[in-house]
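Colleague: Here it is: the structure, laid out below.
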Amino acid sequence: MNKSTRRARRTSTSAAEAARGEPSDSASRRPARQTSESSLDWRLLLFLLGTVIYLYSFYNVEVLKEFSSDGVRRGVMQWLMISQPFAYPEMWTGDGAGHAAVLDRLPVFALAAWIILTGAATGWLVLDKLRLASRLNGLEVFAFSTGIGLNIWSLLTLGIGLSGGLRQTWLFVTLMSGAVLVAAWKLWGQREIVADQLRSGWRALGRLGEGMNSPAWFARAGVGLLIPFFVFLLLGGALAPWHFDVREYHLQAPKEWYLEGQIGFMPHNIYGNMP
């Protein structure tokens with residue numbers, strides 16, 4: 001049966017259904033779609049209402065009661081920080097002097113970028129060896145490669161540290177540089193495949209929100225709202241640490257292990273011995 005015959009039969013069937021007063025398939029699906037959109041509108045309104053209630057409850061809490069008998073509402077403090085960002089710099093940086101040297105943080109960003117690059121390169125070598133990299137788009141390759149690679153380097157650092165080689169800087173530089181160079185060489189040999197993966201990853205971003213009950217623009221707007229939080233967290237993570245947990249064992253324990261040249265038991269700092 002050719003295409004013209006099938007098209008003629010569908011046309012005659014639709015005409016017969018219309019003559020009998022029966023709805024066609026497209027007409028029967030239309031109310032369900034309208035019902036889904038209306039339910040989406042209600043869910044969106046409920047979400048916005050809940051967000052407003054939460055923000056009001058959060059910013060209406062009184063803080064700093066130890067400095068004032070009446071206290072200060074959290075919303076007032078937040079408004080002062082937003083409306084006058086340069087009037088209270090010490091509240092943003094945690095520094096009593098209120099000075100934050102951005103250029104001093106560039107080495108922190110450079111080191112973090114090098115670690116992520118090394119992790120991504122190492123993880124990509126694993127995916128390529130398992131013949132999985134070619135089945136994924138660019139975003140998936142980066143996500144899985146970085147996660148796998150950073151886990152490998154974490155275990156490798158633990159092994160080197162337990163064997164007493166933490167002070168062997170040349171060993172880490174050689175291994176990390178080797179992983180990046182080998183991955184770059186193999187990627188160059190597969191540059192056409194890599195280019196297709198990057199394009200497919202970009203197209204995947206363009207299709208964000210498709211197949212969901214919410215409109216595509218709603219999903220893209222949600223991702224856009226994450227960008228300011230990402231920027232603030234990134235900048236905040238580059239500031240000098242001052243929290244107790246960070247200074248007591250998150251950074252203190254690795255520092256002492258590095259100075260000793262190996263990872264071992266710390267009798268004077270119980271936090272460093274936690275798994």
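Colleague: Across region 117-157, what is the total count of residues that are among the aliphatic types (A, V, I, L, M), out of contact with any helix residue (DSSP H, G or I) (no Cβ under 6 Å at 6 or more places or on another chain), closer than 19 Å to Glu192 by Cβ and touching a residue at least 40 places away in the same chain (Cβ under 8 Å)?
Modeller: 1
Colleague: One residue is enough: does region 149-156 have a residue meeting the conditions modelled with pLDDT under 90 and more than 18 Å from the chain's Cα centre (by Cα)?
Modeller: Within region 149-156 (the criterion being modelled with pLDDT under 90 and more than 18 Å from the chain's Cα centre (by Cα)), the answer is no, since none of the residues qualifies.
Colleague: In this structure, is Ser134 among the hydroxyl-bearing types (Ser, Thr, Tyr), within 30 Å of Leu239 (Cβ to Cβ) and part of a helix (DSSP H, G or I)?
Modeller: No, not satisfied.
Colleague: From (1) closer than 30 Å to Phe265 by Cα; (2) modelled with pLDDT under 90; (3) of a type in the set (Val, Ile, Thr), pick out the condition that doesn't hold for Val141.
Modeller: (1)
The values are calculated or read from the model by the stated rules, or taken from the named source; none is laboratory data. Keep in mind that what you see is a predicted model, and the values were worked out from it rather than measured. Counting neighbours? That spans all protein chains shown, and the Cβs are built from the backbone with ideal geometry, glycine included.
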